[in-house]
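Peer 1: This is the structure, below, for whatever I ask next.
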Amino acid sequence: MSTSTQQDRSTSQGETQSASLVPVLWQLQISHYVEKVRWALDYKRIPHIRRSLPPGLHIQKARELTGDTSTVPVLTIDGHSTGDSTPIIALIEERWPQPPLYPEDPAQRRRALELEEFFDEELGPHIRRAFYHELLPHPELLVPLFTHGDPLAARTLLEQFPMLRAGIEQRFQINAATASASRAKVIAAMDRLEREISGIGYLVGESFTVADLAAAALFYPVARPPEFPYPTVADEDLPDSWRAFLDPLAPRPGSRWVSEIYRRHRGQSAELTTGDTNKAPRPDAANGHSTGNGEPVSNSQAAFPDLAASRDRLPAGTTATREHDPA
């Protein structure tokens with residue numbers, strides 16, 4: 001074997017090994033639970049790869065990766081995959097502790113994790129259900145978000161939309177009564193948020209923590225901050241009934257707080273582009289905010305929560321009302 005061939009192979013193997021150390025985030029771009037994890041990675045300036053999955057196929061892929069998770073986010077690090085935004089952020093915090101998302105004070109840490117859990121369970125599933133109830137009758141709005149501008153995929157998904165709609169309604173138990181109850185839960189979560197905001201502007205202590213991140217990420221469909229990193233349904237295209245629900249929430253102190261937290265702390269993307277995957281992150285390398293390649297979106301962003309529904313057939317009797325529920 002020639003010296004140049006050996007060097008080429010060595011270089012190739014080194015790049016492959018280095019790329020394998022880069023965290024891979026498996027996502028649906030407009031998922032609010034995925035946004036929690038993206039934000040944590042970006043905030044800590046952790047270079048990572050994002051793999052966007054088609055709806056339906058993401059269920060199978062999540063199961064293949066984790067063995068026990070049927071939705072995204074899933075984060076793969078060193079060949080091991082973890083599902084569910086809360087344990088993923090715990091893993092990120094352990095491996096890349098700077099800048100911290102967990103308070104150092106034990107009591108404040110417990111409080112921050114309690115608030116993360118509250119918004120995960122009492123807000124996230126409900127804003128998703130309420131939104132789907134309004135948008136499912138409008139495939140012209142949903143399909144472009146699933147297909148990312150691919151005309152062939154859009155045409156195929158439009159043909160399959162009745163099955164997709166049925167799958168989403170079954171998976172998230174969507175009907176007029178449950179949607180109404182979920183809208184009330186969103187308002188209750190906003191009430192709770194406004195009670196928790198301290199005089200200095202954070203939920204726990206004197207700095208940005210996982211509690212602020214979780215509340216802001218899961219409320220992004222209401223506040224529609226321009227810093228959200230992906231396109232969504234334009235505000236002017238939303239159904240009147242959904243805008244009628246969102247408009248009274250938009251001027252509330254909680255919505256303004258979400259926008260301010262995004263402005264202060266969302267930063268830019270730490271996602272690696274093609275050719276950058278040999279830049280494996282060191283566990284102690286992250287510090288401060290990222291200066292990656294994310295693209296800000298316009299002020300007319302609109303809500304589009306977690307698209308964790310399938311265009312494939314779901315198992316009989318399957319439902320899921322929370323991020324943590326199996327499909």
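Peer 1: Can you give the FRET efficiency to the nearest 0.05 for A166 and S52, using r as the Cβ-Cβ distance and R₀ = 30 Å?
Peer 2: Once rounded, the FRET efficiency stands at 0.80.
Peer 1: In addition: Once the Cβ-Cβ distance between H80 and H138 is put in as r, and R0 is 45 Å, what FRET efficiency do you end up with, to the nearest 0.05?
Peer 2: Working: r = 39 Å, r/R0 = 0.88.
Efficiency at R0 = 45 Å is approximately 0.70.
Peer 1: Points 7 angstrom from Cα along the Cβ direction at N175 and I200: gap in nanometres?
Peer 2: 5.0 nm
Peer 1: Also: HN-Hα J couplings of segment 54-59 from phi, Karplus 6.51/-1.76/1.60, θ = phi - 60°, integer Hz, Gly and Pro as x?
Peer 2: Each residue's phi maps through the Karplus curve to give x, x, x, 5, 5, 5 Hz.
Peer 1: Would you tally the net charge around E194, using a Cβ to Cβ cut-off of less than 12 Å, leaving E194 out, and scoring K and R as +1, D and E as -1?
Peer 2: Taking every other residue near E194 into account, the sum is +2.
Peer 1: Oh, and also: Could you tell me what a quarter of the Cα convex hull surface of segment 3-265 works out to, in nm² with one decimal place?
Peer 2: 16.7 nm²
Peer 1: Given the Cα-Cα distance of R110 and E64 and 0.36 nm per residue of separation, how much length would full extension add, in nm?
Peer 2: 13.3 nm
Peer 1: What is the extension gain from R263 to E93, computed as 0.36 nm multiplied by their sequence separation minus the C-alpha to C-alpha distance, in nm to one decimal?
Peer 2: Value of the extension gain: 59.0 nm.
Peer 1: With θ set to phi - 60° and the Karplus curve 6.51 cos²θ - 1.76 cosθ + 1.60, what are the ³J(HN,Hα) couplings of segment 223-231 in order, to the nearest whole Hz, using x for Gly and Pro?
Peer 2: Values, residue by residue: 7, 6, x, x, 6, 4, x, 10, x Hz.
Peer 1: Follow-up question, since we're still on this one. What length, rounded to one decimal in nm, is gained on full extension from A244 through to E122, with 0.36 nm per residue of separation minus their alpha-carbon distance?
Peer 2: 41.8 nm
Peer 1: Still on this structure: Any idea which of P106, V37, S52 is furthest toward the positive side of the dipole for segment 18-139, if Lys and Arg beta-carbons carry +1 and Asp and Glu beta-carbons -1?
Peer 2: The listed residue farthest towards the positive side: S52.
Peer 1: I'd like the distance separating the alpha-carbon centroids of segment 247-276 and segment 118-177, in whole Å.
Peer 2: Centre-to-centre distance over Cα atoms comes out at 23 Å.
Values in this text are rule-based calculations from the coordinates and carry no lab data. Just so it is clear, the structure is predicted and the values come from calculations on it, not from any experiment. Here the Cβ is made from the backbone with ideal geometry for all residues, glycine too, and neighbour counts use every protein chain on show.
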